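What follows is calculated from the coordinates using simple rules that are stated; it is not laboratory data. Given the structure is predicted, the values throughout are model-derived calculations rather than measurements. Don't worry about glycine lacking a Cβ; one is built from the backbone with ideal geometry, like all the others, and counts go over all protein chains shown.
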Amino acid sequence: MHEALFAAMRQSIIDGDPETVISLARQALALGIDPLDAINRGFLPGVNHVGEQYGLGEMFLPDLVMGGEAMKAAVAILEPEMRRRGTARESLGTVVLGTVKGDIHEIGKTLVLTMLSASGFQVHDLGVDVPAERFVEAGHDLAADVIGLSALLTTTMPGQRTVVEALTRAGLRPRVKVMVGGAPVSHAWAADIGADGYGEDAAAAVALARRLVGREATAR
Ligand code: B1M
């Protein structure tokens, strides 16, 4: 069902066409499609295609920029419905979230933020290109339960280790848990840098954050 719509969504990202993206995202909402499905089955395959073609030298930086902007437009339309569908009422805990220093990729982090908020976490977004000291400061000042570190570049992944080390030096570990994510990140990397866990996608990030604060979702 909805395969033609998902295919059009994919193509609209490849074309870097925000107007079509917005119209398709609105169609999905009007049809009652789960916004996360629209992202994962519609728009995300388009972003991944652009990323692959860029990696192969078949697409160029402007394509990457336009694909990214188009994806942001999709998330902006779908985000309110994702939040609305969140059922949690009580706070599950405080999460400080950001993309590490040197890295300006924000789309995945925004999705993780939306899903965590919708699930009942208080989330403080530090934005992108965030130095380790900012995570330490915010972790301390906001009495964070979890600090979430996003990194999309192999060159900025070591920034996640830097934050873990800075939190340890500041005496915030192991009380403050650290979760990491981003396309090049893995369970093995998380273990290697002493983080408490790795979330493969936004849904996995929510499950992990719940586990880290001892509030796993119970099967109904
Ligand atoms: Co960039 N970029 N980019 N880029 N970009 C990648 C990452 C790349 C893989 C493309 C490629 O070459 N194939 C490549 C990295 C290669 C590498 O390191 N091995 C790359 C490169 C090289 C670059 C530049 C260096 C290009 C240049 O300037 N020459 C440059 C770096 C800038 C910088 O950060 N300093 C750059 C710039 C950009 C844009 C600004 C143009 C744009 C970002 C726009 C924006 O964010 N506002 C962009 C884009 C769009 C991409 C791709 C195509 C898509 C990223 C994205 O938004 N994905 C990307 C290729 C790809 O990933 N397929 C690429 C969609 C998003 C929903 O997924 O971010 O993976 P993702 O998030 C997921 C999960 O990873 C996870 O959950 C999310 C939801 O499912 N997750 C977490 C993410 N964070 C998490 C945190 C968690 C838990 C889960 O816990 C805390």
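The table that follows gives values for the structure above.
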item: Among L29, L113, L92, residue whose mean-square fluctuation peaks in a GNM of the chain (springs only between Cα atoms under 10 Å); result: L29
item: Gain upon complete extension [D141, R83; 0.36 nm per residue less C-alpha separation]; result: 18.3 nm
item: Tilt relative to the chain, helix 3-14 - C-alpha long axis, 0 to 90 degrees, to 10; result: 70
item: Footprinting exposure proxy for I77, I104 (fewest neighbouring C-beta atoms within 10 Å first); result: I104, I77
item: Distance between modelled label sites at T168 and Q53, nm, 7 Å Cα→Cβ extension; result: 4.4
item: Of D141, D201, D15, the one that fluctuates the most in a GNM where the chain has Cα springs shorter than 10 Å; result: D141
item: The chain - Rg over Rh from alpha carbon coordinates, Kirkwood radius; result: 0.98
item: Net charge contributed by nearby residues that have their C-beta within less than 14 Å of D15 (K/R +1, D/E -1); result: -3
item: Residues with amide H under 5 Å from that of V123, placed H, sequence gap 5 or more; result: V95
item: Centre separation in Å (Cα based) which lies between the range 145-169 and the range 1-79; result: 28
item: Where N is the number of residues in the range 109-220, Cα Rg divided by 2.2 N^0.38 Å; result: 0.98
